[in-house]
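Since the structure comes first, as structure tokens, the remarks are kept for the end.
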Amino acid sequence: MQKRVLILGIGNLLWADEGFGVRCVEHINQRYSWPENVTVLDGGTQGLYLVQFVQECDVLVVFDAIDYGLEPGTVKVIRDDDVPKFMGAKKMSLHQTGFQEVLSTAAFTGSYPAELILIGCQPEALEDFGGSLRDVVRAQIEPCVEIAKTYLAERDVVLEPKSKDLTVESLSPDQLSMEIYESGRPAESQAYRYGDARFIPVDNKDA
Amino acid sequence: MTVPLNASGLDNSGRRIVVDPVTRIEGHMRCEVNVDSNNIIRNAVSTGTMWRGLEVILKGRDPRDAWAFVERICGVCTGCHALTSVRAVEDALGIEIPYNAHLIRHLMDKTLNIHDHIVHFYHLHALDWVNPVNALKADPKATSELQQAVSPAHPKSSPGYFRDVQNRLKKFVESGQLGIFANGYWDNPAYKLPPEADLMAVAHYLEALDLQKEVVKIHTIFGGKNPHPNYLVGGVACAINLDDVGAAGAPVNMTSLNFVLARIREAQEFTKNVYIPDVLAIGGIYKDWLYGGGLSASNVLSYGTHTVIPGDKSTDLLPAGAIINGNWNEILPVDVRDPNEVQEFVDHSWYEYAEGKKGLHPWDGDTSPKFELGPKTKGTKTNIKELDEAHKYSWIKAPRWKGHAMEVGPLARYIIAYNSGREYVIEQVDRSLSAFNQATGLDLGVKPFLTSTIGRTLARALDCELCVDSMVDDWNALINNIKNGDSSTANVEKWDPSTWPKEAKGVGTNEAPRGALGHWIKIKDGKIENYQAVVPTTWNGSPRDSDGNIGAFEASLLNTPMERPEEPVEILRTLHSFDPCLACSTHVMSEDGQEMSRVKIR
């Protein structure tokens, strides 16, 4: 039987580099075609609600922003048993707690992917509400997608460039596509962009 | 002893216990309590530890796009925000949706409620009552007998079935990666279930996981995909053609509608044969633990939901209304447009208003952060040991209805529906109470039974039952309407912004899984000028207001005895009974989290 593959992007695209994982699968969706045994999914911050997708796959590829105290834009690739451990070791936001639990829950049910790869990128900025990817993180989308392509090719799963006459059905509503999302952003004078002073002292005049 | 509902009645002289973060919730929350010499909670301080920024990203955007943004605010409330957003825009622009869209939105909304309630109970809240480690000691045969006694109609009840579940649990625990069960206080005497009940609950944890993945497929049928189903200003984002035989992406047809009905039936069976019996069984064993009612015994608010006849709120299955001061004989009308009814205060929140101390109606809402700590704060700005609740202490605003703090959620809407004479609800509540009294030998009245932590948890299960049952009616009405020749799913007359007035304002409301949800929008020159959302956890998690009135989370913890103050089982149990979603009520960023609640006692 053919291996079932899930390519999953997680994160919150409303929080700057937190959107990295979702933008990676958007990139794949726009540029590649894949065989029927592959699912490409924008998981957002759905946490436990993603468990059935994980249970149903044999090979899981996850794109995510990961805070490991590295130089912003650094890519880190983690495999198999190290993934849940890694995600528990250092968390930065809502969805990582969620995803570690997703893996743990899937393990408890006995339906756990045989192979697992996390392709993560160290964010530069998260505290920018309504913002988009920073340049150093954006620049890692293509290299990270290449890592996934190579990984999958080693498993006889090939992502082919999309033929030009194929219309692309978006993974997310068009209004969230990176271009529209970025161009429609309100000016800073209109809408405060920063966060909690205790955690994000920069640019907060009251801190 | 009644619970004090004002800061003036609280005693913060005893030992201070800090729980940060509160785990197994969506988002980031901190809770501080003072306990007296008998370890009874006498003061409670609930803090949203993230900044809330839902509104600011929407300024200047196309109102027709707002739903897609608000759907991304957090991981669990996606569809409720999307639905409430399209309602706000439709209200502002005077758009009426087709009857099919009305029914399909019901089916999607109720699916979301069912999904949310079941996952909340089994995967987030059950561990406050159920001890999975203790389940390893259970006798599978006795568990089988218990299952057949609790729910004779449930087919999964053989000794072999429970033995398999127990073996799986054993393997999981022995693998050393306790994972989902890693962070409990499993030897705390606050856990009271016998091992067999614990094992039964663990089995249902797994069954619920299978059920939820099926029921949510209804969103894929009507919303095109899941997660993140599509919504549409003017209707729903799917077409209908009963005779269509197309593949994915094709219009909704008879095959897909039959699939929807099958999923509803499954959820119905699970709710009636597993979910409600489990809550009642747990409630029966914790019969002496009737704490946690707090504000629910006095003030509750509902915007009303599940309107049967479009536009006629008097046909809501769960009606709108407010009760204050515990007077169940009077249901007060609620008007979300009245500038003097729903108002948000920020005296104790990390925001400031240009005009100082006053409440603002959401249409005039303002979200300007001001982070400052009171003089009695212990620690530093970046490492707070103890908050000064006499000053600003939360990123959550304090919404009030006519100046009153209100509890919202399934319990609030059930109290209002019960006292509004809704027969379906009265039957549900009376049936549950009678089962509880029969099992426990108690003679409890409706009020002390419902206005408790277990009552809040039960109301959620009953809410789930109402959703599954009424979905069958929605489904039948949809089929009838389509067979009568109406296949319209969207009204696009006012899709083009050139048809809109220069300025407009609107409000969308809903009873989301967690309670009263409102989105208020102002539109100018075709763009969003102001957008404010007052979400359920803002009501329940609110800090104090100008007059010292405390919110529902704080009130619910008062007078609760703790077995071991260093292990906040009781605090988590009651806070989880609200199904808090701090991701919506506040916003992101925590310091590096630890899975386990960090508890500090001073």
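The values are calculated or read from the model by the stated rules, or taken from the named source; none is laboratory data. Since this is a predicted model, take the numbers as computed values, not measurements. Counting neighbours? That spans all protein chains shown, and the Cβs are built from the backbone with ideal geometry, glycine included.
Which one of these is away from chain A (no Cβ under 12 Å) and not basic (Lys, Arg): B:Leu169, B:Leu124, B:Leu112, B:Leu136?
The conditions single out B:Leu136.
The single condition among (1) at pLDDT below 90; (2) assigned to a helix (DSSP H, G or I) that A:Gln52 does not satisfy is (1).
Taking only region B:433-492 into account, find how many residues are in a helix (DSSP H, G or I) and not hydrophobic (A, V, I, L, M, F, W, C). Write out each step before concluding.
If we filter region B:433-492 for residues that are in a helix (DSSP H, G or I), which is where we start, we get B:433-440, B:446-450, B:453-483.
Filter again for not hydrophobic (A, V, I, L, M, F, W, C), leaving B:434, B:437-438, B:440, B:447-448, B:453, B:455-457, B:460, B:463, B:465, B:469-470, B:473-474, B:476, B:480-481, B:483.
So the answer is 21.
Please enumerate the residues belonging to region A:104-115 that are buried (at least 22 other Cβ atoms within 10 Å of the Cβ), more than 7 Å from chain B (Cβ to nearest Cβ) and either under 27 Å from A:Glu142 (Cβ atoms) or modelled with pLDDT under 90 (or both). The answer is A:Pro113, and nothing else.
Residues checked against (1) modelled with pLDDT under 95; (2) more than 15 Å from B:Glu407 (Cβ to Cβ); (3) within 14 Å of chain A (Cβ to nearest Cβ); (4) over 16 Å from the mean Cα position of the chain (by Cα):
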site	(1), (2), (3), (4)
B:Pro501	no, yes, no, yes
B:Gln532	yes, yes, yes, yes
B:Phe553	no, no, no, no
B:Thr560	no, yes, no, yes
B:Glu567	yes, yes, no, yes
B:Leu572	yes, yes, no, no
B:Glu595	yes, yes, yes, yes
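Determine, yes or no, whether B:His204 is on the phi < 0 side of the Ramachandran plot and touching a Gly at 6+ places or on another chain (Cβ under 9 Å). No. Out of all the residues in region B:92-110, is one or more under 18 Å from B:Gln212 (Cβ atoms) and either at pLDDT below 90 or touching a Cys at 6+ places or on another chain (Cβ under 8 Å) (or both)? Checked against the condition, which is being under 18 Å from B:Gln212 (Cβ atoms) and either at pLDDT below 90 or touching a Cys at 6+ places or on another chain (Cβ under 8 Å) (or both), region B:92-110 yields at least one hit. When region B:20-42 is filtered for residues that are among the charged types (D, E, K, R) and modelled with pLDDT under 80, the ones remaining, listed by number, are B:Asp20, B:Arg24, B:Glu26.
Please pick out the residue among B:Ser394, B:Ser420, B:Ser434 that is under 23 Å from B:Ser296 (Cβ atoms) and within 14 Å of chain A (Cβ to nearest Cβ).
Values: B:Ser420 fails: within 14 Å of chain A (Cβ to nearest Cβ); B:Ser434 fails: within 14 Å of chain A (Cβ to nearest Cβ).
Within the list B:Ser394, B:Ser420, B:Ser434, the selection yields B:Ser394.
Just so you know, in region A:135-161 the residues that are in contact with a Phe, Trp or Tyr (Cβ under 7 Å, 6 or more places away or on another chain) and under 16 Å from A:Cys24 (Cβ atoms) include one that is surrounded by the most Cβ atoms within 10 Å (Cβ to Cβ), and it is A:Val137. Flag not set for A:Arg23, criterion: basic (Lys, Arg), more than 12 Å from every other protein chain (Cβ to nearest Cβ) and closer than 19 Å to A:Leu116 by Cβ.
On the basis of being among the aliphatic types (A, V, I, L, M), at pLDDT below 95 and farther than 19 Å from B:Pro277 by Cβ, does B:Leu169 make the cut? Talk me through it step by step, then tell me what you get.
Numbers: among the aliphatic types (A, V, I, L, M): yes; at pLDDT below 95: yes; farther than 19 Å from B:Pro277 by Cβ: yes.
In short, yes.
Filter region B:129-157 down to residues that are buried (at least 23 other Cβ atoms within 10 Å of the Cβ) and of a type outside the set (Val, Ile, Thr) and give me whichever is nearest to the chain's Cα centre (by Cα). Spell out the reasoning first.
Our first condition is that a residue be buried (at least 23 other Cβ atoms within 10 Å of the Cβ); within region B:129-157, this holds for B:129-131, B:135, B:138, B:143, B:147.
In the following step, the residues that additionally are of a type outside the set (Val, Ile, Thr) were identified as B:129, B:131, B:135, B:138, B:147.
Numbers: B:Trp129: 18, B:Asn131: 23, B:Ala135: 28, B:Ala138: 32, B:Gln147: 28 Å.
In this case the residue turns out to be B:Trp129.
If the condition is being surrounded by 21 or more Cβ atoms within 10 Å (Cβ to Cβ), touching an Asp or Glu at 6+ places or on another chain (Cβ under 7 Å) and of a type in the set (Val, Ile, Thr), then region A:15-67 contributes A:Val22, A:Val25.
Could you tell me whether region B:44-67 includes any residue that is among the aromatic types (Phe, Trp, Tyr), at pLDDT 85 or above, crowded, with 24+ Cβ neighbours inside 10 Å and within 30 Å of B:Asn476 (Cα to Cα)? Taking every residue of region B:44-67 in turn, at least one turns out to be among the aromatic types (Phe, Trp, Tyr), at pLDDT 85 or above, crowded, with 24+ Cβ neighbours inside 10 Å and within 30 Å of B:Asn476 (Cα to Cα). Within region B:530-546, identify whether any single residue is part of a strand (DSSP E or B) and out of contact with any helix residue (DSSP H, G or I) (no Cβ under 9 Å at 6 or more places or on another chain), and answer yes or no. Among the residues of region B:530-546, not one is part of a strand (DSSP E or B) and out of contact with any helix residue (DSSP H, G or I) (no Cβ under 9 Å at 6 or more places or on another chain), which makes the answer no.
Against the condition part of a strand (DSSP E or B) and not polar (S, T, N, Q), how does A:Gly9 come out, does it pass? The answer is yes for A:Gly9.
Where in region B:212-288 are the helices (runs of 4 or more DSSP H), entirely inside, with at least 1 residues that are closer than 30 Å to B:Tyr191 by Cα and of a type outside the set (Ser, Thr, Tyr)?
Numbers: elements: B:217-223, B:254-270, B:276-285.
Correct list: B:254-270, B:276-285.
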